[in-house]
Amino acid sequence: MSGKMCSSSNSVVQAQKLVDQLRVEANMERIKISLTAADLVKYCQDHRRSDPLLTGIAASSNPYKDKKSCVLL
Amino acid sequence: MCDQTFMAATFGPCDSCGKTGPLMNIYIKNEPVNYCSFCVEVMAYRGLQKGETLETLRQESDTLKKKLEEERGKLNDVELHQVAEKIEVVGALSIKTRRVLKGHGNKVLCMDWCKDKRRLVSSSQDGKVIVWDGFTLNKENGVSLPCTWVMACAYAPSGCAVALGDGLDNKCSVIPLSLDKNENLATKKKSVAMHTNYVSGCTFTSSDMQILTSSGDGSCALWDVESGQLLQSFHGHTADVLSLDLSPSETGNTFVSGGCDKKSCVWDMRSGQNIQTFENHESDINCVKYYPSGDAFASASDDATCRLYDLRADREVAIYQKDSIIFGASSVDFSLSGRLLFAGYNDYSINVWDVLKVTRVSILFGHENRISRVCVSPDGTALCSASWDHTLRIWA
């Protein structure tokens, strides 16, 4: 269901809520992308080694990969 | 507020004038009241400041929207992939199907991992909910439910219970898990949440005590599991909410939701306030997922794109799309470091994207029908995908 709001501009209650919401959002503190993107990159680089799907871990320590020899439990 | 969802849901005496008729369910300071549409308009006009009319409000909202666009535009000094140019490319991935979980008799609609990194729960259109051991393929628990539309399931942080979202009776229930295989778990089902339309998503918060739900009635809600009491409700979407995700950051008390109104909203859990809204997608948003650091989130949509939004810059920073991808994306999840984005599509494949360089790294083939959900295990060693082909696959 993705129907358009037919009465969003008709009802006063809804218009008031929209204005209040926009006021809140417009007053938000924003940071430049050059800084925030650098943080995202830094996070990825810092955690790169501990990401098994990215760097791949040895078959012996990955419980899902088939081991070469039998393991006696 | 959405007229289409709330219209004529209730019929009876108006809380304000007493006349019997179709009532609008509205919220005044988070208290639900039922007013007939005439009283709603009267109350609204009384609430206007001196000199304000519908027209002035509309103009103000237009100017505010333009101001928001300008403010967001000022921050766009560089693109994400430009910042990421210096880092090395992702090497060839050796991800393959390692396990195929067979046992469901119909489309698998949802799945979730347990914090112990090996168990997972899945729900299907055949009414069955199964708890699997991912290593051994053992089916630890199975519950058969009378309804056939368990659209959402979630594992409790303790691993002792699962929450199920129902598409037919509009409830979210919690079932405690037991070690006894013979116990009929369906009898211990406890209803927690009640919506006026299908429950599309559910998740436990930091403990087993509270659950957060999203619903086709356009709202999200926070519930106390023990008493079933509604703790907070979140209104702002103008159509069905299809997905939600809790912020992973310890200080964060926020969650993000996405829905059929093409909007994704970030909410403050304590106040119920909508903090940020993003309207970039061109079609329904099927899934939203936070970046591991909590500073960004990704969304998957029927417009065949996935997008990354930076919360501190308050804007979209990347679009993951290709001309060759024309089918909608149904689900996304990040790898542990946040470098990879796994996205399941309606063309039966899973695309693996390099989040920072905004390129596609790999495609995972194997499923024979639409992917309904992809989820990375808590320790990042594996990816589980649930599909309409009745199976789940574990990739590692």
Show me the ranking of peptides A:31-37, B:227-233 by mean Cβ neighbours inside 10 Å, starting with the highest.
A:31-37, B:227-233
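With a 10 Å radius around each residue's Cβ, average the other Cβ atoms per peptide and rank B:53-62, B:212-221, B:169-178, highest first. Each step should come with its number before you reach the end.
Values: B:53-62: 15.1, B:212-221: 26.0, B:169-178: 20.2.
Most protected by this proxy first, the peptides run B:212-221, B:169-178, B:53-62.
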Kindly provide the helix-only [θ] at 222 nm of chain B, computed as the sum of -39,500 (n - 2.57) over DSSP H runs of four or more divided by all residues, to the nearest 500 deg cm²/dmol?
-3000 deg cm²/dmol
How many angstrom lie between the Cα centre of segment B:235-286 and the Cα centre of segment B:328-396?
22 Å
Per residue of A:48-60, count partner chain C-beta atoms within 10 Å of its C-beta, then hand back the mean as an integer.
6
Chain B: most fluctuating residue of B:Thr196, B:Thr305, B:Thr381 per GNM, C-alpha cutoff 10 Å:
B:Thr381
Near the amide H of B:Val225, under 5 Å away, which other amide H atoms are found, from residues 5 or more places off or on another chain, if H is placed in the peptide plane?
B:Gln210, B:Ile211
Computed on protein heavy atoms with a 1.4 Å probe, what is the summed buried accessible area for the chain pair B and A, in Å² to the nearest 100?
5800 Å²
Residue-wise, which Karplus ³J(HN,Hα) couplings in Hz belong to segment A:19-33, taking 6.51 cos²θ - 1.76 cosθ + 1.60, θ = phi - 60°, and x for glycine or proline?
4, 4, 4, 5, 4, 4, 5, 5, 8, 6, 7, 10, 10, 5, 5
List the residues, sorted by chain then number, that are 5 or more residues from B:His390 or on another chain and whose placed amide H is less than 5 Å from its amide H.
B:Val108
Give me the lysines in straight-line cross-link reach of B:Lys86: C-alpha distance below 17 Å, same-chain residues under 8 apart excluded.
A:Lys42, B:Lys357
With unit charges on the beta carbon (Lys/Arg positive, Asp/Glu negative), name the residue among B:Val241, A:Val41, B:His367 whose Cα is farthest towards the positive pole of the charge dipole of the protein assembly as shown.
B:His367
Largest-first principal axis extents, alpha carbons of chain B, Å
67, 58, 37
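Give me the percent of the accessible area of the protein assembly as shown that comes from carbon and sulfur atoms, probe 1.4 Å, all protein chains in place. Mind showing how you got there, number by number?
Numbers: 10610 of 21070 Å².
So the carbon and sulfur contribution to the accessible surface is 50 percent.
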For the protein assembly as shown, the percent of all C-alpha pairs falling in each 10 Å bin, from 0 up to the bin holding the max distance, is 4, 19, 30, 25, 14, 6, 1, 0, 0
Set B:Lys171/B:Lys262; B:Lys128/B:Lys289; B:Lys171/B:Lys322, cut-off 28 Å on Cα-Cα distance; pairs above it are B:Lys171/B:Lys322
Among B:Ile326, B:Gly258, B:Ala298, whose Cα lies farthest out toward the positive end of the dipole of segment B:240-363, if unit charges sit on the beta carbon of Lys, Arg (+1) and Asp, Glu (-1)?
B:Ala298
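Which whole-number percent gives the relative contact order of chain B, counting Cα pairs below 8 Å spaced six or more residues apart?
Working: 1023 pairs, mean separation 47.9, N = 396.
Reported relative contact order: 12 percent.
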Which one, B:Ile394, B:Val83, B:Val108, projects farthest toward the positive side of the charge dipole computed for chain B from Cβ point charges (K/R +1, D/E -1)?
B:Ile394
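Across peptide B:325-338, how many C-beta atoms of other chains are within 10 Å of each residue C-beta, on average?
Details: counts 0, 0, 0, 0, 0, 0, 0, 0, 0, 2, 6, 7, 13, 9.
Across the residues of B:325-338, the mean count of other-chain Cβ atoms within 10 Å is 3.
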Per residue, what accessible area does segment B:339-396 have, given a 1.4 Å probe and all protein chains present, in Å²?
26 Å²
For segment B:163-175, what does the Karplus curve 6.51 cos²θ - 1.76 cosθ + 1.60, with θ = phi - 60°, yield as ³J(HN,Hα) per residue in whole Hz, taken in order and with x for Gly and Pro?
10, 10, x, 9, x, 9, 9, 6, 10, 10, 10, 10, 10
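Within a 10 angstrom radius of each residue's Cβ in B:310-317, how many Cβ atoms of other chains show up on average? Whole number is fine. If you can, show how the numbers build up before the last one.
Working: counts 8, 3, 10, 8, 6, 3, 0, 4.
That average works out to 5.
The values are calculated or read from the model by the stated rules, or taken from the named source; none is laboratory data. Everything numeric in this text was worked out from a predicted model, so none of it was measured. Glycine also receives a Cβ, built like all others from the backbone with ideal geometry; neighbour counts cover every protein chain displayed. Ligands, DNA and RNA are stripped out before the accessible areas are found, and what is left, the full protein with its side chains, is counted by its heavy atoms. Shrake-Rupley method; radii C 1.70, N 1.55, O 1.52, S 1.80 Å.
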